[in-house]
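Only one structure is covered here, and it is reproduced in the block below.
The values are calculated or read from the model by the stated rules, or taken from the named source; none is laboratory data. Model, not experiment: these values are computed from the prediction. Here Cβ is always computed from backbone atoms with ideal geometry, including for glycine, and neighbour counts include all displayed protein chains. Surface areas here come from the heavy atoms of the whole protein model, side chains and all, with no ligands, DNA or RNA. Shrake-Rupley method; radii C 1.70, N 1.55, O 1.52, S 1.80 Å.
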Amino acid sequence: MAEFFKEHSLEAVLVIAAVFTCCWLWMQRKSLGMAPWAVPVFAAAHVLLGVACVRVFAFLESAGKGEPGSMSLFGAVFFLPLLYFAGSKVFKRSMAEVFDTFCICTVFTLFCARINCLASGCCLGRVIHAAEGLRWPVREAEMVYYAVFLILMIPRVRRAVSGGRAYPLYMLSYGIFRAIAEPFRVSSSAGILHIAHIWAFISIALGASILIELNRRRRCKG
């Protein structure tokens, strides 16, 4: 079983992500005005589009010179919100509800993506002690970050008190996490700064600016 999972880890984690997304959307279907039949359709589509986003971003990041099947998680961070925005407009749903709900789907799916990293042995941390083969646990640390975010945010989204802040909070906090963790990751860059630092800083800036704007609007309404 362990060997089978290792050989098919990506497919396995995508199925897990799809099942979670389906269950979560089912719980949120009334707030989104989503028909029961649409729940599994949107769950499967979200996972597949997420995979497409991370692969397209990796392709663009490497100028088409990366390894086939390469993925960059920042693709989901930056591209999926465009789909949420378009979806909220097309289906005439609350943008805050759409972003808050699907933020949870995105974070859980990326948590599963890091499980795949562990199984496939990619995205390693830098060596701490070569003689003992110890490396910085950057993948594990990122999984802890995702778990903490979900534990804190899921109840707020369920109570409908997040007010559209879930996704910008994710962008801000994930950008900070990656900016700190990136020097401890294996990279093609010889220096401390990697190309992922650029995406991290952009994520921080976008998340912070959106939160500031949401708070400004809230104060104006108050």
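Quick notes on this structure:
- In loop segments of the stretch 134-222 as defined by DSSP, the trypsin sites (Lys or Arg not before Pro) with at most 12 further C-beta atoms inside 10 Å of their C-beta are Arg159.
- Between Cys220 and Ser120, the FRET efficiency from the beta-carbon distance, with R0 = 41 Å, is close to 0.25.
- Distance from the Cα centroid of the stretch 14-67 to that of the stretch 96-129 is 13 Å (rounded to whole angstrom).
- Chymotrypsin sites (Phe, Trp or Tyr not before Pro), loop per DSSP, at most 14 other Cβ atoms within 10 Å - longest free stretch of the chain: 92-222
- Using a cutoff of 8 angstrom between alpha carbon atoms and counting only pairs six or more residues apart, the relative contact order for the stretch 124-222 works out to 27 percent.
- Take the Kirkwood radius over Cα pairs of the chain, plug it into Stokes-Einstein at 25 °C and 0.890 mPa s, and you get 133 µm²/s for translational diffusion.
- Rolling a 1.4 Å probe across all protein chains gives Ile151 an accessible area of roughly 120 Å².
- R0 of 25 Å, Cβ-Cβ distance Ile180-Glu132: FRET efficiency to nearest 0.05: 0.55
- Charge dipole (debye, nearest 20) of the stretch 39-105; +1 at Cβ of Lys and Arg, -1 at Cβ of Asp and Glu: 200 debye
- For the chain, with +1 on Lys and Arg beta carbons and -1 on Asp and Glu, the positive-most of Phe42, Val157, Ile204 along the dipole: Val157
- Between Gly175, Pro81, Ile16, the Cα set farthest toward the positive side of the dipole of the chain (charges on each charged residue's Cβ, about the Cα centre) is that of Pro81.
- Point-charge dipole on Cβ atoms (K/R +1, D/E -1) for the chain, about Cα centre, debye to 20: 1160 debye
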